[in-house]
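Inspection log for the structure reproduced underneath, given as structure tokens.
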Amino acid sequence: MAYWQGGASSSADPGHGGGGRAAKALDFGGRLPRTEAAFRSLEAAVVHGLPAVVRTISDEAVANLDAVLAPLVEAATRAHVEGAIRALFAEPDNAVVQEAGGRFIAAAATDGGRPELRRLLEEFGAAAWLEAVVRRHPRSKGVQNQALWALFKLQGRQPLVAVLTDQALGSSPEATTAALWGLFHIGSAENISWPERKELAALAEAARQRFPDDSRLATHALGIIGSMLNVKVADADHAQATAAIAVVISALQTHQGDIALQRAAAQTLVSLVEGNSGAAAMLRHHKDNVIALLDGVMRSHPHKAVFGVAGVLEALAREGLKGPKQQAALLKVLASFTEESDLEAILRLDAIGCVYDAMASSEHANSSGIAALGRIAEFLIEQASQSAPAGSQDSQDPSSDAVLGVHIVKCIGTIVRRLECEIQQRRPDNFVYAEALGALRNVSRRSPALARRIAATTSVTAAVEMAFERDFFDLTFECIRQLIGAVLFFSGLAKLMAMLEKYPEAPIFHEAACRVLVETAEHEDGSNAPGTILEAAAGLSFYATRVLVEMVPQSQRLNPDSLACAAIRLHSHVLGVATAGLEEGVHSLLGALRHYQYKADVATEVCCALVSVYIAKGPGVMPVLSTCRAGDALVDVVRRFPNNSEVLGDAAVALGALYGFKQVLDLLRSSPGNLAVQQAGCRALAELCRMNLCFASEEERKAAEDAARATQAAYPGQERWQLQAQIEVTLGLIANAAVAAQRAPLLHTPLKMSSPLDRCLLRAGLDCMS
């Protein structure tokens with residue numbers, strides 16, 4: 001009776017194929033012919049016909065249609081859920097049926113955008129039934145996997161903990177393994193208190209000891225221990241993490257040769273060791289033993305079995321790890337160490353020499369090696385810029401500025417020489433171009449003296465010019481972006497603008513340029529000194545407007561919405577600062593929004609850009625926004641993306657910033673049953689408070705607090721922990737906003753919405769969400 005084959009499910013898979021993505025096509029295996037035929041007819045009518053009708057009829061007709069259709073669809077959903085649950089009740093001893101039922105309940109409970117499904121499951125007693133099924137089939141792997149995962153989706157982690165502490169179920173390896181698998185996939189440990197994390201780690205270890213020969217169970221147990229005792233979580237106990245090293249070594253010794261367990265053990269060791277000096281010392285003490293026990297994963301995935309900078313450098317020099325792919329993987333790990341680099345290890349183990357030798361071993365390692373050298377150079381510059389300890393100015397002291405300077409120059413020289421070699425190749429490696437120029441630019445940002453020295457190096461400027469002239473059509477987007485960044489940094493904005501004028505019909509080039517300009521503006525952090533992005537805001541605003549008005553419509557075959565997003569984001573930095581072209585710029589933003597009506601990324605960028613312009617210009621920009629009908633455009637965004645919380649959130653922030661908190665409160669009240677709307681509204685309230693925008697009255701502040709608490713009560717439970725956390729932040733900011741308003745004058749008084757944006761229109765646009 002495997003009647004359930006389709007339906008949304010979790011992204012995780014409890015067991016082997018039990019969860020996973022929804023099936024692409026509805027399939028009842030021919031067992032429900034009338035139901036399947038009815039579903040196909042409904043699909044044809046709803047998916048292919050109804051949207052076209054809804055987009056063309058009047059708002060009043062849409063409201064009437066929604067009133068007619070909604071009850072019928074709700075009744076069909078209820079009948080479907082009730083029928084499936086009753087079918088489960090009819091065959092309690094059939095493990096195949098109960099496994100399919102657990103999959104069905106988990107799928108229904110996972111669909112976060114449909115809280116009515118969860119209410120129906122609760123009404124029909126799904127949780128109590130699942131608990132009974134778990135006890136009725138303790139040795140059925142499929143039932144335990146699916147039923148416990150469904151219970152987790154309905155009630156959080158407590159049912160899984162109960163299995164591990166229950167004498168009868170705790171003696172079942174199938175139930176224990178399923179519970180451990182579920183706990184391993186509960187998400188971030190940051191939202192679990194330390195006492196609970198400690199208890200979960202202890203339960204996992206106790207389960208491993210009860211079934212010492214079960215490698216799959218041990219793998220899940222190690223994953224939980226690593227997640228719960230992770231020292232990067234704020235309140236973690238480093239002593240507990242250090243003690244867990246012995247547990248990992250014990251598991252590796254018991255299950256030697258099990259690659260899956262080795263991978264889990266390596267990941268757990270990383271969680272326990274990085275940032276924990278005690279655990280690092282203990283691991284170094286057992287280094288040879290651990291390396292031998294991790295031999296399988298070390299050879300296949302060496303980057304997953306090394307710990308810290310010293311571990312990577314030692315692995316690079318190890319004879320068994322000299323393969324080109326192994327060396328490249330290890331260099332990628334080394335390049336990822338930024339804040340946690342180890343100066344003593346870098347100098348003692350000659351990191352620069354190790355990287356150079358690895359790059360010489362294979363061309364596959366060149367780009368990763370350059371990235372690693374760039375990170376090492378940045379770290380050394382940072383160390384050299386810090387106050388040197390007493391007595392360390394001796395040139396023989398490894399940490400003296402003189403010695404560090406030698407290593408920095410050696411790093412940069414290696415990168416430049418590698419770039420020179422690449423220029424001379426018939427077919428240069430794009431990744432080497434990108435990494436080398438990116439590394440040189442990052443290093444130059446940290447040291448003006450090095451920036452002047454690099455800029456004077458002819459090979460750098462030659463590489464940039466030759467790349468554009470000779471290799472442009474072979475370059476990747478990332479390489480183009482790095483080349484443009486090098487032009488902007490080493491040659492200045494005027495040179496870059498001249499190049500942009502030279503290539504007026506290269507949309508990818510202009511997209512990369514916009515992104516580099518935005519990145520530079522963010523790095524300059526609001527500075528308007530000569531040569532900065534904001535100092536040239538007027539010209540760049542004109543350029544961004546021209547991209548949106550002229551280039552985007554002409555680049556229909558080359559991902560024009562991506563070009564539009566890049567230009568819009570540039571506008572968000574410069575339009576509010578520009579002394580001219582404001583109305584034209586706002587028109588270009590709203591024109592892009594109308595042209596790409598159903599592109600979520602475009603809608604998000606425009607909403608953010610309008611807020612940025614308003615923050616920069618203040619209430620004086622409102623006449624321009626009213627003339628351009630910005631309010632209407634924002635309401636249209638809310639209409640078009642009723643279930644996209646990210647877009648709704650940005651639109652709500654824009655409505656609130658431009659027209660006051662009242663519009664966000666109306667949004668929250670309009671759709672109490674829509675999770676996306678509630679998430680967006682609560683986030684918008686928090687963001688508006690962060691922007692120091694003030695409530696119009698104490699009553700409005702109280703209404704905002706009541707709205708947030710109503711959402712908190714409507715969406716309880718561990719499943720909604722992100723929303724619950726957001727609401728707590730929102731409530732705190734609302735309370736602080738009231739105090740701030742009493743002690744300081746308002747930054748501005750939110751203006752009333754223009755006539756097209758009255759409450760009726762806003763609610764009419766949101767009715768379809770609930």
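The values are calculated or read from the model by the stated rules, or taken from the named source; none is laboratory data. The shown structure was predicted, so the numbers you read here are calculated from the model rather than taken from an experiment. As a convention, Cβ positions derive from the backbone with ideal geometry for all residues, glycine included, and neighbour counts pool all protein chains shown. These area figures cover heavy atoms from the full protein model, side chains too; ligands, DNA and RNA do not enter into them. Shrake-Rupley method; radii C 1.70, N 1.55, O 1.52, S 1.80 Å.
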_Pairwise label distance in nanometres, Asp706 with Val624, each label 7 Å out on the Cα-Cβ vector_ = 3.8
*Calculated from DSSP H runs of 4 or more alone, at -39500 (n - 2.57) each and per residue, what is the 222 nm mean residue ellipticity of the chain, nearest 500?*
-22500 deg cm²/dmol
*Using modelled backbone amide H atoms (1.01 Å from N, in-plane), which distant-in-sequence or interchain residues come within less than 5 Å of Ala696's amide H?*
Phe661
*Got a sec? Charge dipole of the chain, +1 on Cβ for Lys and Arg, -1 for Asp and Glu; which of Ile381, Gln712, Ala127 is way out at the positive end?*
Ala127
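On average, how much accessible surface per residue is there in the chain, in Å², for a 1.4 Å probe, leaving out ligands, DNA and RNA?
On a per-residue basis, 45 Å².
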*Taking the dipole about the Cα centre of the chain, with the C-beta of Lys and Arg at +1 and of Asp and Glu at -1, give me whichever of Val729, Ala244, Ala90 is farthest to the positive side.*
Ala90
*Could you work out how far the C-alpha centroid of the stretch 509-580 sits from that of the stretch 42-77, in angstrom?*
41
*Under a point spin-label approximation (7 Å from Cα along Cα-to-Cβ), what is the Gln209-Arg55 distance to one decimal in nm?*
6.4
*With Cβ to Cβ distances under 11 Å as the rule, what net charge do the other residues near Thr254 carry (K, R +1; D, E -1)?*
-2
*Which percent of the accessible heavy-atom area of the chain goes to carbon and sulfur, probe 1.4 angstrom?*
53
_Can you give me the solvent accessible area of Lys322 with a 1.4 Å probe, rounded to the nearest 10 Å²?_
90
*Work out how much length Gln424 to Ala132 would gain on full extension: take 0.36 nm times their residue separation and subtract the Cα-Cα distance, in nm to one decimal.*
97.9 nm
*Under the Karplus relation 6.51 cos²θ - 1.76 cosθ + 1.60, θ = phi - 60°, what is the ordered set of whole-Hz ³J(HN,Hα) values for the stretch 526-535, x standing for Gly and Pro?*
x, 6, 10, 5, x, x, 8, 5, 5, 5
*Quick one: net charge around Asp166, please, counting Lys, Arg +1 and Asp, Glu -1 for every other residue with C-beta under 12 Å from its C-beta.*
0
*For the stretch 135-202, count the residues as N, evaluate 2.2 N^0.38 Å, and divide the Cα radius of gyration by that value, please.*
1.07
*Around Gly296, with a cut-off of 10 angstrom between Cβ atoms, what is the net charge of the other residues, counting Lys and Arg +1 and Asp and Glu -1?*
0
*Using a/c under 1.5 as the rounded threshold, could you call the stretch 247-350 rounded, prolate or oblate? The axes a ≥ b ≥ c are square roots of the C-alpha gyration tensor eigenvalues, and prolate needs a/b larger than b/c, oblate otherwise.*
oblate
_For the chain, alpha-carbon Rg relative to the globular expectation (2.2 N^0.38 Å, N residues)_ = 1.09
*Mind listing the phi-derived Karplus ³J(HN,Hα) values for the stretch 493-509, rounded to whole Hz, using 6.51, -1.76 and 1.60 with θ = phi - 60°, and x for any glycine or proline?*
5, 4, 5, 5, 5, 5, 5, 5, 5, 6, 10, x, 10, 10, x, 5, 4
*Tell me, what ³J(HN,Hα) does each residue in the stretch 269-279 have, in order and in whole Hz, if you take phi through Karplus 6.51 cos²θ - 1.76 cosθ + 1.60 with θ = phi - 60° and put x for Gly and Pro?*
4, 4, 5, 7, 9, 5, x, 10, 5, x, 5
*Could you tell me whether the stretch 247-307 comes out rounded, prolate or oblate from its Cα gyration tensor? Rule is a ≥ b ≥ c as square roots of the eigenvalues, rounded for a/c under 1.5, then prolate if a/b exceeds b/c, otherwise oblate.*
prolate
*If a/c stays under 1.5 just call it rounded; otherwise compare a/b with b/c (prolate if a/b is bigger, oblate if not). Do that for the stretch 673-712, with a ≥ b ≥ c from the square roots of the Cα gyration tensor eigenvalues.*
oblate
